[in-house]
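The values are calculated or read from the model by the stated rules, or taken from the named source; none is laboratory data. As the structure is a computational prediction, the values presented were derived from the model and not from experiment. Note that we place each Cβ from the backbone using ideal geometry, even for glycine, and neighbour counts take in every protein chain shown.
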């Protein structure tokens with residue numbers, strides 16, 4: 001068990017190193033960091049002086065080692081615009097993003113699991129086909145368009161909810177709806193397909209033959225076995241949400257990761273951009289490790305195989 | 001029953017009878033096919049239609065008719081879907097934007113499939129250290145949220161049509177690589193591959209002539225889903241101002257430009273969004289059928305069945 005954990009941690013560290021290298025490559029090898037930070041119309045003298053002052057004129061391996069040291073100590077430098085260190089800006093932005101991600105995921109699961117289960121229990125039924133159809137429709141809707149439509153109806157015309165901003169519960173309604181729409185559709189389809197597949201398996205036939213009531217078959221056996229794919233897809237969706245539902249955050253003025261990153265790019269604030277990409281990626285690597293551990297808890301076969 | 005069987009088949013050959021018998025799934029299939037064909041044709045022939053005078057130019061401004069509502073007819077002009085904040089015909093803008101959206105989607109899918117299939121095929125077939133390296137590489141790309149990575153790269157490289165497609169491919173090839181590798185792992189052990197081995201086929205031949213054709217169905221299905229995903233991402237990037245930029249047209253950009261008029265000009269928000277949604281919906285509902293068309297096993301089954309049913313056909 002301990003060796004499994006050690007191997008998983010080493011694997012995660014390798015991936016984190018890879019992410020750090022990738023971010024360095026994009027920002028400081030493909031792009032010129034001084035040009036990326038200075039205003040577009042900066043003069044050649046300003047450019048040279050800035051390069052020397054920031055140390056961008058040194059050899060690439062020196063800069064890379066320094067950068068890597070910064071990543072390990074979570075020191076990405078100070079924001080060019082606000083002077084605050086980039087790390088604390090990103091950590092502060094994580095709170096609204098995580099809150100929105102949690103509510104979205106909760107709403108999606110609360111709708112998708114019951115709907116998908118009912119549909120999956122009855123193959124060839126109207127409910128089954130309706131679930132599949134609605135699922136395809138909902139994943140085809142651009143989230144920010146759903147956001148704009150709901151803003152124009154519920155905020156502008158009916159004046160029931162705020163058009164944008166971050167705060168008490170009623171600020172959550174519209175962004176959560178816009179984000180949850182597609183995720184609910186995708187999850188419901190996964191639950192439906194997974195439950196439907198389980199319903200045709202041998203152990204369900206055995207349980208039926210023994211006279212176990214249908215409700216106990218579904219709640220006692222099928223749901224537990226059907227949750228594997230649901231966990232995978234929820235994990236992917238949640239990882240995307242942690243990365244900031246960028247467009248929705250910008251549309252609703254939600255001060256999360258996506259909003260911060262877009263603002264930092266517009267302000268040519270490279271340290272903040274690097275910090276936000278690196279730190280969200282780290283959070284996602286951690287999340288994936290946790291999800292892997294969860295598989296063992298819900299599926300005993302995975303536990304034994306290790 | 002058997003006596004009326006033959007004439008009944010004749011009756012069903014007529015289109016009306018077929019439509020009556022068609023299930024909802026078939027109607028959705030043909031609806032999607034008609035919609036996409038019309039959209040692609042309109043997008044391709046727009047310059048011609050404008051030159052013939054059958055359609056307004058997407059660039060032609062009419063500041064007297066700014067933000068006029070759908071169906072507005074004034075001074076001999078008629079705007080079916082209304083006009084935007086510069087008095088440009090909204091329908092013509094939507095079709096101009098379709099050119100970019102469809103092209104970005106197609107280019108993204110082609111690039112991510114080429115990279116993803118090659119890496120997935122090599123990783124799955126050879127295994128060992130090559131597989132470990134490639135799979136860790138996909139982990140690296142998959143751990144960075146796609147849109148953040150795309151924004152970061154576009155910040156460094158700048159926007160524009162080709163860059164958007166390349167950047168979106170950069171964020172999505174790992175998905176293709178993973179699906180390909182998983183499929184190759186199971187195909188590698190199948191009888192026909194072992195038989196080819198025994199018959200002395202080289203590794204390149206086995207990979208590209210035996211395994212690759214069997215990947216087509218899953219790749220095509222994945223490709224269509226990735227197409228809609230790329231289209232939706234492009235709309236998001238353009239909405240944020242990092243994708244297709246003014247004065248060009250893109251559905252996402254049109255929505256961004258319509259934002260200030262959200263309480264006065266609903267048509268500027270409804271129609272571009274509806275275009276994205278209907279296109280995505282049409283492609284999504286086609287994906288399953290298209291996958292069946294390219295399945296070599298399904299095709300050989302059908303060939304065998306038709307041979308058995310009509311021995312004189314050959």
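A few comments on the model shown:
- Residue that is within 21 Å of residue B:262 (Cα to Cα), touching a residue at least 12 places away in the same chain (Cβ under 8 Å) and part of a helix (DSSP H, G or I), where the choices are B:81, B:86, B:64: B:64
Here is a yes/no grid of residues against (1) modelled with pLDDT of 90 or more; (2) surrounded by 14 or more Cβ atoms within 10 Å (Cβ to Cβ); (3) outside the structural domain of residue A:91 (by TED's automatic domain parsing); (4) more than 30 Å from residue A:25 (Cβ to Cβ):
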| position | (1), (2), (3), (4) |
| --- | --- |
| A:200 | no, no, no, yes |
| A:217 | no, yes, no, yes |
| A:227 | no, yes, no, yes |
| A:247 | yes, yes, no, no |
| A:251 | yes, yes, no, yes |
| A:261 | yes, yes, no, no |
| A:275 | yes, yes, no, no |
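- With respect to the conditions (1) in a helix (DSSP H, G or I); (2) at pLDDT below 90, residue A:163 lacks only one, and its number is (1).
- Put simply, of B:229, B:209 the only residue that is in contact with a helix residue (DSSP H, G or I) (Cβ under 9 Å, 6 or more places away or on another chain) and within 14 Å of chain A (Cβ to nearest Cβ) is B:229.
- Of the helices (runs of 4 or more DSSP H) lying entirely inside the range A:201-304, those containing at least 1 residues that are in contact (Cβ under 8 Å) with a residue 40 or more places away in the chain and in contact with a helix residue (DSSP H, G or I) (Cβ under 8 Å, 6 or more places away or on another chain) are A:223-242, A:246-252, A:257-266, A:270-298.
- Lone unmet requirement of (1) exposed (fewer than 14 other Cβ atoms within 10 Å of the Cβ); (2) part of a helix (DSSP H, G or I) for residue A:39: (2)
- Restricted to the range A:132-153, and to residues there that are in contact (Cβ under 8 Å) with a residue 12 or more places away in the chain and under 20 Å from residue A:122 (Cβ atoms), the residue that is farthest from the other protein chains (Cβ to nearest Cβ) is A:134.
Yes or no, residue by residue, for (1) under 19 Å from the mean Cα position of the chain (by Cα); (2) closer than 16 Å to residue B:113 by Cα; (3) buried (at least 22 other Cβ atoms within 10 Å of the Cβ); (4) more than 7 Å from chain A (Cβ to nearest Cβ):
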{"residue": "B:133", "(1), (2), (3), (4)": "no, no, no, yes"}
{"residue": "B:139", "(1), (2), (3), (4)": "no, no, no, no"}
{"residue": "B:145", "(1), (2), (3), (4)": "no, no, yes, no"}
{"residue": "B:148", "(1), (2), (3), (4)": "no, no, yes, no"}
{"residue": "B:151", "(1), (2), (3), (4)": "no, no, yes, no"}
{"residue": "B:159", "(1), (2), (3), (4)": "no, no, no, yes"}
{"residue": "B:165", "(1), (2), (3), (4)": "yes, yes, yes, yes"}
{"residue": "B:169", "(1), (2), (3), (4)": "yes, yes, yes, yes"}
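- Which numbered condition residue A:87 misses (of (1) closer than 23 Å to residue A:250 by Cα; (2) not in a helix (DSSP H, G or I)): (2)
- All of A:69, A:116 fail the test of being crowded, with 19+ Cβ neighbours inside 10 Å, in a helix (DSSP H, G or I) and more than 14 Å from chain B (Cβ to nearest Cβ), apart from A:116.
- Note on the range A:19-36: residues that are surrounded by fewer than 18 Cβ atoms within 10 Å (Cβ to Cβ) and under 26 Å from the mean Cα position of the chain (by Cα) amount to 2.
- Top-ranked residue of the range B:232-249 - restricted to ones that are in contact with a helix residue (DSSP H, G or I) (Cβ under 7 Å, 6 or more places away or on another chain) and more than 14 Å from every other protein chain (Cβ to nearest Cβ), ranked as surrounded by the fewest Cβ atoms within 10 Å (Cβ to Cβ): B:246
- Test: residue in the range B:61-81 that is away from chain A (no Cβ under 14 Å), surrounded by 11 or more Cβ atoms within 10 Å (Cβ to Cβ) and at pLDDT 80 or above: no
- Of the residues making up the range A:172-187, at least one is more than 17 Å from the chain's Cα centre (by Cα), under 27 Å from residue B:250 (Cβ atoms) and either surrounded by fewer than 21 Cβ atoms within 10 Å (Cβ to Cβ) or assigned by TED's automatic domain parsing to the domain that holds residue A:217 (or both).
- Condition check for residue B:280 on (1) buried (at least 18 other Cβ atoms within 10 Å of the Cβ); (2) more than 10 Å from chain A (Cβ to nearest Cβ): one failure, at (2).
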